[in-house]
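What follows is one structure encoded as structure tokens, with my remarks underneath.
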Amino acid sequence: MKKRSRSTEVILSTDSINVVYQESLIALQNVSLDIPAAKLTAILGPSGCGKTTLLKVIAGLIKPTSGSVKVRGKEIEGPGPDRALVFQDFALLPWATVLQNVGFGLRARGVPKKERDETSLHYIKEVGLLGFEDKYPHQLSGGMRQRTGLARALTINSDILLMDEPFSAVDEQMRRKLQEDLLNLLKVENKTVIFVTHSIEEAVYLADQVIILSGRPGSVAEIVYPKIDRTGEIDLIRRQPGYIDLVDEIWSSLKKYVE
Amino acid sequence: MENQIKYSQTNEDSKLNITKVGPKTSLLFFRIISFFLVFLIWELAGRSDISIAFPPFSKVFLAFIEMILSGEFVEAYADSLPPLLIGLLITVVGGVIIGVSVGLVRSAEWFIMPLLIIFQTAPVSALIPMLTYIYGISDTSKIVAIVILGMPLVALNSYKGIQSTNPSLLEMSASFLASRTNTIIFVILPSAQKMIFAGLRLGISGAFIGIVLAELLITPTGIGDLITYNRFIARYDKMFATIVSILAIAGLTLSLMRVFEDWLFPKEKN
Ligand SMILES: Nc1ncnc2c1ncn2[C@@H]1O[C@H](COP(=O)(O)OP(=O)(O)O)[C@@H](O)[C@H]1O
Ligand SMILES: [Mg+2]
């Protein structure tokens, strides 16, 4: 049995990040975080508080006004092979098939077609899209598009997976299904996951560490560590006694930032 | 243990909407029908006494055949086609290169955009007579007229196509470490494809307007001369036959452009 504790290796950290948009809008203020390796970290906060901004700073897509991001102690210069991003709006090429979309990262790295297709198909299978590899994004449901974006992120084999509200664009049943699939997937893929969510239940259900951001400007309000035993059946997780209590606890601390 | 996880396809996954496109043959059929209808209306309108300057379709058709056989078309197009082809080439290649590079290189935007917008909004055809003062009665005048009327449309639309690339796709490309070249080839150009080709079609139409205007207004040669001459001697059937011939060539060029687009970017197969 693997014990999940706070004292594991820190794979990624941010050091007093400030992001100011258009010289006046402060999106993030003094955000310092430690992200433990091989754990799920949720970034939770009211909408507009800077969650996407924080994730994009970590991804290297936005340069913070001040502060730094370090991966294994080394400051990042921009996007890197150690981090893969799953986009909130999927960001799939509309003219490309599932197979081509999933293989985008490998293609950008110059992986030859045969190897690229093999790897892509492996992850297409892993996210449950086998048989759909020749479909175009407009032929897919929201859930399938999200899986395509996830498969694309998995192909490049980075240690850190960044997901921006990965389950918000799909309906409730599909969301539960995708959440369970993610937990299952992480049992075979040894990944550090940082995901953004505005759902308290989702954060508590999935995450080992929940970072609660205050309302704008976003700064770290509180960090909680749901001690939920995820070793057993997935269905049992939601029934654990601590689960509901923690959801309530987080809600009461988040309430003051929501008008 | 790896790869043991299988996901069932859920209800949502099976709700696929795949629209069926009708067979190509029926499209062709409707096109022929619509051509036929236009010719029929033309014939009827020509037979009623609207004007003697508006002959029925049948007369124009006969004049068309006559002009092919007599070599009048051959002679006129020998004058018009070379500058038209050169002008089209410059319009298409130059327009795409200018539009795409301005779209890709932000710093080039400032000095070239105002020029393009002026060319697109001002009545450029009014400039054409002035070309005589610069280039005289020459093929150069015709080529410049074609390029002035065609290229801004191509360049402007190519530029807009490049600029309209979904920023989220650009972020995606950057986050997957695609080089600038790969981003251009795999993300930006395919995004801009529809706009670029729409611009090419507009630009080609503009180029044809350019050659006809140049030959009507400044250098009385080629098909422009054929139109003017036949109007002057009141052979309206021949005048219309000439106009139809240039429209047909313009239509053919546009169709070739479509074929080229389909070859370059094959349509999605369902
Ligand atoms: N590119 C941008 N330019 C200016 N303001 C922005 C930009 N992106 C986000 N913002 C603003 O920054 C704040 C935080 O945005 P975001 O990170 O998207 O929040 P969240 O993902 O938590 O909803 C919002 O007020 C938003 O309007
Ligand atoms: Mg967001």
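The values are calculated or read from the model by the stated rules, or taken from the named source; none is laboratory data. What you see is a predicted model; the values in this text were computed from it and never measured. Counting neighbours? That spans all protein chains shown, and the Cβs are built from the backbone with ideal geometry, glycine included. Just the protein is used for accessible areas: all its heavy atoms, side chains included, with ligands, DNA and RNA removed. Shrake-Rupley method; radii C 1.70, N 1.55, O 1.52, S 1.80 Å.
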Checklist entry - Just a yes or no: is a residue in the range A:16-39 assigned to a loop (DSSP other than H, G, I, E, B) and in contact with a Leu (Cβ under 7 Å, 6 or more places away or on another chain)? => result no
Next on the checklist: For the range A:66-77, check the following and say yes or no: at least one residue is touching a Gly at 6+ places or on another chain (Cβ under 6 Å), within 14 Å of another protein chain (Cβ to nearest Cβ), part of a loop (DSSP other than H, G, I, E, B) and more than 16 Å from ligand 1 (Cβ to nearest atom).
Outcome noted: yes
Item to check | Residue ID - nearest to ligand 1 (Cβ to nearest atom), chosen from residues in the range A:5-45 that are open to solvent by 60 Å² or more (accessible area, probe 1.4 Å), of a type in the set (A, V, I, L, M, F, W, C) and over 26 Å from A:Leu246 (Cα atoms) | outcome: A:Leu25
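Every residue, every condition in (1) within 16 Å of ligand 2 (Cβ to nearest atom); (2) among the charged types (D, E, K, R); (3) touching a helix residue (DSSP H, G or I) at 6+ places or on another chain (Cβ under 7 Å), yes or no:
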| position | (1), (2), (3) |
| --- | --- |
| A:Leu33 | no, no, no |
| A:Ile43 | yes, no, yes |
| A:Ser47 | yes, no, no |
| A:Leu54 | yes, no, no |
| A:Ile62 | yes, no, yes |
| A:Ser66 | no, no, no |
| A:Gly78 | no, no, no |
Checklist entry - What are the residues in the range A:161-175 that are at the interface with another protein chain (Cβ under 10 Å from one of its Cβ atoms) and out of contact with any strand residue (DSSP E or B) (no Cβ under 9 Å at 6 or more places or on another chain), if any? => result A:Val170, A:Asp171, A:Gln173, A:Met174
Checklist entry - Scanning for something open to solvent by less than 40 Å² (accessible area, probe 1.4 Å), modelled with pLDDT of 90 or more, more than 12 Å from chain B (Cβ to nearest Cβ) and not in a loop (DSSP other than H, G, I, E, B), does the range A:213-229 turn up at least one residue? => result yes
Checklist entry - Failed condition for A:Gly128, given (1) in a loop (DSSP other than H, G, I, E, B); (2) at the interface with chain B (Cβ under 8 Å from one of its Cβ atoms); (3) open to solvent by 10 Å² or more (accessible area, probe 1.4 Å), with all others met? => result (3)
Checklist entry - Which of (1) within 16 Å of ligand 2 (Cβ to nearest atom); (2) away from chain B (no Cβ under 14 Å); (3) in contact with an Asp or Glu (Cβ under 9 Å, 6 or more places away or on another chain) does A:Val86 not meet, given it meets every other one? => result (2)
Checklist entry - Listed residues A:Glu189, A:Glu202; which is within 14 Å of chain B (Cβ to nearest Cβ) and acidic (Asp, Glu)? => result A:Glu189
